[in-house]
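These notes concern the structure reproduced below.
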């Protein structure tokens, strides 16, 4: 499978969604296919994610008997293998497993067995944002085995497995540097264990030029890291997630956010855009909302917007994008050089990245992170490192970050309400707005 | 305070703790995805005056039910406030009426927006609890 074959050089559209039964999942997929989706989601329910299989199974049985939604996703380990295989083979599009499971081996084994071709997650991105106290050493071993399972599946089926990192992390005020470091370390992890074709990702930051700079930085850093660590040569795809923070309740505002993210993915030639619906603020979106939102994204992508050949074609945004991406690349290289100076064993690197504070996402629920790296939104809507919680940030980069705010960016001097306000979409930063 | 069972959404939890601490509440934050046994253990150890329970996955009922039983058995006085997403799936009904019937105050949730901000909620809590002493 190649993405260009699916998408004709436009980002592949992947919505989100998981239902309590195979019948309901099939109905959801049908509505997504008819709206123009390119990749179908198989989002796993939160009970299965946390290994509470008997609870998930009871809820699945209840849903099958009553037709009601009893789970917030598809309980892959509670559904008979034959049934799940029939579900996957009933659709022609690739299916992506989205699950948030730190110890992912058994879930991924089942997913590959039933024909899933895209596996999201990694030892950092599916442990730190998704658990309070999951053991990182156990998670690393589990994900090492996931990579080996993906490698085996590729050899057996002849089909490429996409191994997608989840740089969205906690989805709130995540600094692009954190997304870059997680994506790069997990790409290296995948390649070192032969897991498949790596795909890095991150979620819309709420600031267009910073989004574009982050994508530019990814494109520069992935080949550098592969050379630096002498890893097997590979393409590295980029997935861009629509805004993952709180959504406005008004449909027009939500659509504006969706349109902005779609245009960024297209302008920057991302391989995939992972979409949201305009019903996000009202709970789990219905099939109708999913259908309408995919159709909306498809209409934007099909509207014939010219793809700039480089960031120099971006008009007034180009200088900001270039300066931002150069600063990100320089700081990421500096931190990765330090991190990899002691070892090139990816298991040790993942552990050290958390223990030494290189990976420290804001609002992370995991007890293992140092909580020394916090962020705030600057005047122009960009996400910047808080001067009183810089984590491993170099002095030069911290100085660069402060340039974007007239007042001191210090987390400690902001109230909870002010920080909660910063978590929302900053409408003022929209492209052209 | 904390989030129940399978809920790992930490932002509101962290901001609420920050604000409560600044308002001089003595806070024991259990964090996210707190197992049911840990709620009971913490409840018995700390005898809180106020319990804030959140869930974005709608699975509040078992924890609330058990805590109410423990409260009754031990004759503890403790107010319970719950918030988050109070309905299951895209076609599930709201569990807010059930939770109210179980004797807890429902706040915040997506379909129960009782407070406009974290500071408003904390101001309300401060006015109701300022005369109480806290143990921890």
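Side notes on the structure shown:
- Annotation: residue A:99 fulfils all but one of (1) under 19 Å from the mean Cα position of the chain (by Cα); (2) surrounded by fewer than 16 Cβ atoms within 10 Å (Cβ to Cβ); the unmet one is (2).
- Taken over segment A:225-253, residues that are modelled with pLDDT under 95 and part of a helix (DSSP H, G or I) amount to 3.
- Yes/no for residue A:67 being farther than 19 Å from residue A:197 by Cα, surrounded by fewer than 23 Cβ atoms within 10 Å (Cβ to Cβ) and within 11 Å of chain B (Cβ to nearest Cβ): yes
- Of the numbered criteria (1) crowded, with 18+ Cβ neighbours inside 10 Å; (2) part of a helix (DSSP H, G or I); (3) out of contact with any helix residue (DSSP H, G or I) (no Cβ under 7 Å at 6 or more places or on another chain), the one residue A:149 fails is (3).
- Any hit, segment A:193-215, residues being part of a helix (DSSP H, G or I) and surrounded by fewer than 21 Cβ atoms within 10 Å (Cβ to Cβ): no
- Hey, residue A:252 more than 20 Å from residue A:377 (Cβ to Cβ), in contact (Cβ under 8 Å) with a residue 12 or more places away in the chain and out of contact with any helix residue (DSSP H, G or I) (no Cβ under 6 Å at 6 or more places or on another chain) or not: no
- A search for C-beta distances below 8 Å between a residue of segment A:344-359 that is farther than 18 Å from residue A:126 by Cβ and any residue that is surrounded by fewer than 16 Cβ atoms within 10 Å (Cβ to Cβ), counting only pairs 6+ apart in sequence or on different chains, returns A:348/A:342; A:352/A:342; A:352/A:343; A:357/A:372.
- Failed criterion for residue A:57 (all others in (1) away from chain B (no Cβ under 14 Å); (2) crowded, with 24+ Cβ neighbours inside 10 Å hold): (2)
- Restricting A:382, A:386 to residues that are within 14 Å of another protein chain (Cβ to nearest Cβ) and modelled with pLDDT of 95 or more narrows the list to A:386.
- Matching option when the condition is within 14 Å of chain B (Cβ to nearest Cβ), modelled with pLDDT of 95 or more and assigned to a helix (DSSP H, G or I), among A:87, A:62: A:62
- Qualifying residues in segment B:16-51 (those that are more than 14 Å from chain A (Cβ to nearest Cβ) and within 25 Å of residue A:374 (Cα to Cα)) - the one surrounded by the fewest Cβ atoms within 10 Å (Cβ to Cβ): B:24
- Being part of a helix (DSSP H, G or I), in contact with a strand residue (DSSP E or B) (Cβ under 7 Å, 6 or more places away or on another chain) and within 14 Å of chain A (Cβ to nearest Cβ) is a property that residue B:13 has.
- Of all the residues in segment A:122-140, those that are assigned to a helix (DSSP H, G or I) and free of Cβ contacts under 8 Å to residues at least 60 places away in the same chain number 2.
The values are calculated or read from the model by the stated rules, or taken from the named source; none is laboratory data. Everything quoted here is computed from the prediction, not taken from an experiment. Every residue, glycine as well, gets a Cβ built from its backbone with ideal geometry; the counts of neighbours run over all protein chains shown.
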